[in-house]
1. Does Ala133 satisfy the condition of being touching a residue at least 60 places away in the same chain (Cβ under 8 Å), within 17 Å of the chain's Cα centre (by Cα) and farther than 26 Å from Ala224 by Cα?
2. Would you say Leu180 is exposed (fewer than 11 other Cβ atoms within 10 Å of the Cβ) and either basic (Lys, Arg) or not assigned by TED's automatic domain parsing to the domain that holds Ile104 (or both)?
3. If I ask for residues that are surrounded by 13 or more Cβ atoms within 10 Å (Cβ to Cβ) and not in a helix (DSSP H, G or I), which ones from the stretch 137-160 would you list?
4. Can you find even one residue in the stretch 193-211 that is more than 30 Å from Leu145 (Cα to Cα) and in contact with a Lys or Arg (Cβ under 8 Å, 6 or more places away or on another chain)?
5. Return yes when Arg263 is surrounded by 12 or more Cβ atoms within 10 Å (Cβ to Cβ), under 30 Å from Lys103 (Cβ atoms), outside the structural domain of Gly152 (by TED's automatic domain parsing) and not polar (S, T, N, Q) and no when it is not.
6. Name the residues in the stretch 25-40 that are within 22 Å of the chain's Cα centre (by Cα) and either at pLDDT below 95 or among the hydrophobic types (A, V, I, L, M, F, W, C) (or both), would you?
7. Of all the residues that make up the stretch 22-71, how many are free of Cβ contacts under 8 Å to residues at least 40 places away in the same chain and under 16 Å from Ala96 (Cβ atoms)?
8. Looking for something touching a residue at least 24 places away in the same chain (Cβ under 8 Å) and either among the hydrophobic types (A, V, I, L, M, F, W, C) or loosely packed, with under 10 Cβ neighbours inside 10 Å (or both) - is there at least one such residue anywhere in the stretch 242-252?
Amino acid sequence: MNTIGFIGGGNMAEALIRGIIAGGVCAPRAIFVSDIRAERLAELAGRYGVVPCDTNRQVVERSATVVLSVKPQVMAEALQSIKDSPTAHRLFISIAAGVKIAKIAGVLGDVPVIRVMPNTPALVGAGASAVFANEKAEALLDRALSIFGAVGKAVVVREEDLIDAVTAVSGSGPAYFFLLMELMIETAVALGLPPEVAKDLVLQTAKGAGLLAVEADQNGESPAVLRRKVTSPHGTTEAALKVFAGHDFPRLVAAALTAARDRSRELSA
């Protein structure tokens, strides 16, 4: 992967740029970026040493891999701006939610396209991304895995329709955990803990639980196993979990993720 271009220089593009430079995936001067905001390009160039481009077409002309890192609502305009660019021997990667590969290929032609659903923890190098490649891009999957693996964990799905499930699970998933943290902090304060103490305890507990779950997974232990280890018979944890079970928490989680999956399908139609 000699050169990488970014059409769109937003937060996710910056996270990827930072990750691929730090991980040695690509040198700064081999990274080309375009954006409608000249001040943003200057900021990225000054911060990371990447090369700013005046047009989207320049990015395509200079890059072997082009990341379409624009918002879904402006993807059509971005594609139109590069439809006459040379596409031979180039891989296009889209991170625009809800934009199917067929829409991209419909403008750019029969080109290698990989669709990726990242999530916001990529901003701190702890993202979860799923990638799907069309037939022409299958041999180029390693490029996408290198880029998104530089900001967390990247996995491959073999059916594009599964991106909707990925959106529900990991794409929207951080918000579910944030909501639980938010409610735990509120309740901790209501139980008498000072707000700063409540916040520190909940945030550290969330961080520790996540790290412990990842480490345990390497030893073949699932979150269910960890939960059982923490739950002593007739103890405090069991008392709390009985409340969750009594309100059919499993059904609620399943319904929430299914609703997110269905909405992703609607937006992709």
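The values are calculated or read from the model by the stated rules, or taken from the named source; none is laboratory data. Just so you know, these numbers come straight off a predicted model, no measurement behind them. Neighbour counts run over all protein chains shown; Cβ positions are idealised from the backbone, glycine included.
1. On the way: touching a residue at least 60 places away in the same chain (Cβ under 8 Å): no; within 17 Å of the chain's Cα centre (by Cα): yes; farther than 26 Å from Ala224 by Cα: yes.
So Ala133 fails the test.
2. no
3. Passing the criteria: Ala150, Val151, Gly152, Lys153, Ala154, Val155, Val156, Val157, Glu160.
4. No, because not a single residue in the stretch 193-211 is more than 30 Å from Leu145 (Cα to Cα) and in contact with a Lys or Arg (Cβ under 8 Å, 6 or more places away or on another chain).
5. Yes.
6. Residues satisfying the conditions are Val25, Cys26, Ile31, Phe32, Val33.
7. Total satisfying the criteria: 3.
8. So far as the stretch 242-252 goes, no, none of its residues is touching a residue at least 24 places away in the same chain (Cβ under 8 Å) and either among the hydrophobic types (A, V, I, L, M, F, W, C) or loosely packed, with under 10 Cβ neighbours inside 10 Å (or both).
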